[in-house]
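One structure below.
The values are calculated or read from the model by the stated rules, or taken from the named source; none is laboratory data. This structure is a prediction, so every number in the text was calculated from the model and none was measured. When we count neighbours, we look across all protein chains shown, and the Cβ atoms used for this are built from the backbone with ideal geometry, even at glycine.
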Amino acid sequence: MGIGTAGGALTTDEIVALNREHTFFSWSVQGAIDPIAIDRAEGVWLYTPEGRKILDFNSQLMSVNIGHGDRRVIDAITEQATKLQYVQPAFATEIRARLGAKLADILPGDIDKVFFTLGGAEAIENAIKLARHYTGRHKLLARYRSYHGATMGAMTLTGDPRRLANEPGLVGVVRYPDTHHWGEAEPRPVAESLQGLEDVIRYEGAHTIAAVFLETIVGTNGILIPPDGYLQGVREICDRNDILMVCDEVMAGFGRTGRWFAVDHWDVVPDLMTMAKGLTSSYLPLGGVAMRHHVAEAFNDRMFYGGLTYSSHPVSLAAALATIRVYEEDGLLDNAARLGARMREHHERLAAKHPSVGAHRSLGLFGILDLVRSRDPWTPLTPFNGTSDEMKAIGKYFRDHGLYTMLANNSIHTNPPLCINEDELATGFEIIDAALDIADQAVTD
């Protein structure tokens, strides 16, 4: 099919066919993909070329936090693009100055400097470099139930099975125990989890360990919310052993939990913190590594051996500053906290109604439902790192009834844009409610 560069509407079939023929999809068996064609988006809604509405109940990849199509961000992008499109990172720009200062205002504690990257994975890569350069040590501790990105270092830190096909990876990564074990409804006791970390540090030698990495709230591996006291305990262990604490806030940051950052719920200040996604609401690619003052200051008289051609890209920075302004002007953090309570009520109602809902977790608009065949004994609806006929049928039901969200293992993610209202939230849960009848048929107790 010959297609020129000029504009012109294509049908859904043409869009899908050309996408499949000439582009390569991530995390996919290429011959099995069946993508949905999207033409435009507004608020919490996606629209196909034929105008069919789809409720975005996952903010795409937990990233379009302010919702789709906000003119304030689009106009800021346009204004910056007409003024200055790009200069290499060694130059200083006004937009870089303004965004850096604004982030310093909202970041926790004495975190006051940011190295800008292209996205979350590159933020993790540069956090690794910063931690190793700062400490002079090479080992990095990470958990199994984690996802940090698809580049080499980030993928090695990642503990979930996506890592396996990409091994061998970065040298020096060592696992420490998770707070939540697969196939268990509740987190492990805080003291047990912290003792597991202590043991690994003892066996590996604190003097060899640069940093402890963790997602503040684990994202795609289950929206695993740390029990109270855990993050404070990790902070104390890191301080006592002179190890950097690195919190990955790529998904949890920028209002998702009802606070600017998830660490704010526990009043913990990490030494390094990675961000992306909600930083620009995914309107343009941008990530960053934020660092405490003493970490940044250490590089005043030593070289940082890292860099990216598009670091501090002016147009992406403009998108970020405008996005932060939208959070503030529209009270989206408060809306996430308020509707987070409403989401919890929806979760509780579905758990009471459907025996297939074995557990649910949420903080703000960061939520998940775990589906089971049996609550006692606890039997997930899928095997580890697998799917099932029931989960496939639920996915088809969502697609047929205009709901997009993430299905992973035995779980349904509920992570809508922070601009969602109560009626739209209820609409999403009505569709989920109906789909759970499919899962209930598999319940054995």
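When LEU425, LEU369 are checked against the criterion of being at pLDDT 95 or above and either not in a strand (DSSP E or B) or not assigned by TED's automatic domain parsing to the domain that holds ALA336 (or both), LEU425 stands alone in meeting it. Annotation: of all residues in region 270-315 being of a type in the set (D, E, K, R) and outside any loop (DSSP other than H, G, I, E, B), the one that is nearest to ASP242 (Cα to Cα) is ARG292. Only one residue in GLY253, GLY222 is buried (at least 24 other Cβ atoms within 10 Å of the Cβ) and either outside the structural domain of THR414 (by TED's automatic domain parsing) or assigned to a helix (DSSP H, G or I) (or both), so which one is that? Just one listed residue meets the conditions, GLY253.
Against the condition under 24 Å from the mean Cα position of the chain (by Cα) and surrounded by 22 or more Cβ atoms within 10 Å (Cβ to Cβ), how does GLY109 come out, does it pass? Here the answer is no, as GLY109 does not meet what is asked.
Give all pairs with beta carbons closer than 7 Å in which a residue from region 15-37 that is outside the structural domain of PRO161 (by TED's automatic domain parsing) and surrounded by 10 or more Cβ atoms within 10 Å (Cβ to Cβ) meets a residue that is part of a helix (DSSP H, G or I) and hydroxyl-bearing (Ser, Thr, Tyr); count only pairs at least 6 apart in sequence or on separate chains. Cβ pairs passing all conditions: ALA37/THR12. In this structure, does HIS148 turn out to be closer than 24 Å to GLY233 by Cα, part of a loop (DSSP other than H, G, I, E, B) and modelled with pLDDT of 95 or more? Yes; evaluated as a whole, the condition is true for this residue.
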